[in-house]
Amino acid sequence: MTIAKPDFIEGIAKGMAVLESFDTERQRLNATLAAERAGLTRAAARRHLLTLAHLGYLETDGSYFWMAPKVLRFSGSYLASSRLPRALQPTLNRLAAQTGESFSAVVLDGEEVVIVARSGAYGTPTRVLAYGLHLGARLPAHATSTGCVLLAAMSPAQLSQWLKGRLLPRLTPHTITTARLLRQRMVQVRKEDYCFASEEHELGVQALAVPLRNMQGHTVAALNVVLSGGRHPEEALRRDLLPLLFEAAREVRSLL
């Protein structure tokens, strides 16, 4: 979204940049680290950190800062007010009960995909689920089945803009790390209307994803099933699970 310069509030943008500086790599930041990550001066970063701590969004020991539970209000408000998670949850639960596998609905946000709704794996210990597949988890788009489905929904021009200047980190030996190979992957995904990813994000984890389209034919999210704990033949997954994913996508289309 583009807005006029007089409508842009610099302070809010800087404060959000400081909040977004916290991630799994850096769970605790001091003013110097926050300044480097948010692109601010140390003095500005310190003021934003102190303000966010005063408002209850951060906790501090006087030197370092870390996120407080109050930050979850943002995700809670999204989940409570957005139609997408509420519309998809019954379908995800039904699929999980039917198959005993774990299903997620995912949207694209910049270079990452975000899980906005998910089922559990019925009758399966939580430990065997792939790492980082909790609600709200952010995963690199280029290395996930859902990310490839959502990127494939872009026009060639949009995909070129998305790729411009972007690094594609290698997460496993199977991760696609070049724009040329990713473009080839997109052609295949568009043709087949699904994506199978095997150990591209995490070793021992495979996933199958399909696009979720609204009544206008626009892809608004992706639906996937994730299997961990061993390698499963793609042909078997296509036979057993792909028809269920396609049927679920048709089922929820009028709700999106």
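The values are calculated or read from the model by the stated rules, or taken from the named source; none is laboratory data. Since the structure is predicted, the reported quantities are computational estimates derived from the model, not experimental observations. A quick note on method: Cβ atoms are made from the backbone with ideal geometry, for glycine too, and the neighbour counts reach across all protein chains shown. Only protein heavy atoms, including side chains, enter the accessible area calculation; ligands, DNA and RNA are left aside. Shrake-Rupley method; radii C 1.70, N 1.55, O 1.52, S 1.80 Å.
Key figures
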item: Cα gyration tensor, region 176-256 - rounded (a/c under 1.5), prolate or oblate; result: oblate
item: Computed magnitude of the charge dipole of region 11-60 (debye, nearest 20; Cβ of K, R +1, Cβ of D, E -1); result: 220
item: Calculated [θ] (222 nm, deg cm²/dmol) that DSSP helices of n ≥ 4 give over the chain, each run adding -39,500 (n - 2.57); result: -12500 deg cm²/dmol
item: Modelled FRET efficiency - R0 35 Å, ALA4 with ASN93, Cβ distances, 0.05 increments; result: 0.20
item: Amide N proximity, region 138-154 versus ARG170 label position 7 Å along Cα-to-Cβ, cut-off under 20 Å; result: 140-145
item: Cβ charges +1 (Lys, Arg) and -1 (Asp, Glu), total dipole of the chain, debye; result: 440
item: Where region 104-256 is the region considered: accessible area per residue in Å², 1.4 Å probe; result: 50
item: In region 1-108, the trypsin sites (Lys or Arg not before Pro) that fall in loop regions by DSSP, at most 15 other Cβ within 10 Å; result: ARG26, ARG28
item: Accessible surface of the chain, 1.4 Å probe, proportion on carbon and sulfur as whole %; result: 55
item: Sequence-distant lysines (8 or more away, or on other chains) whose Cα lies within less than 30 Å of LYS5; result: LYS14, LYS164
item: At R0 = 30 Å, FRET efficiency that the Cβ-Cβ distance of TYR64 and ARG138 yields, to 0.05; result: 0.85
item: List HIS174, HIS142, ordered by accessible area with a 1.4 Å probe, largest first; result: HIS174, HIS142
item: Excluding exposed DSSP-loop GluC sites (Glu not before Pro) (at most 16 other C-beta within 10 Å), longest clean stretch of the chain; result: 112-256
item: Rounded to the nearest 10 Å², the accessible area of MET154 at probe 1.4 Å; result: 40
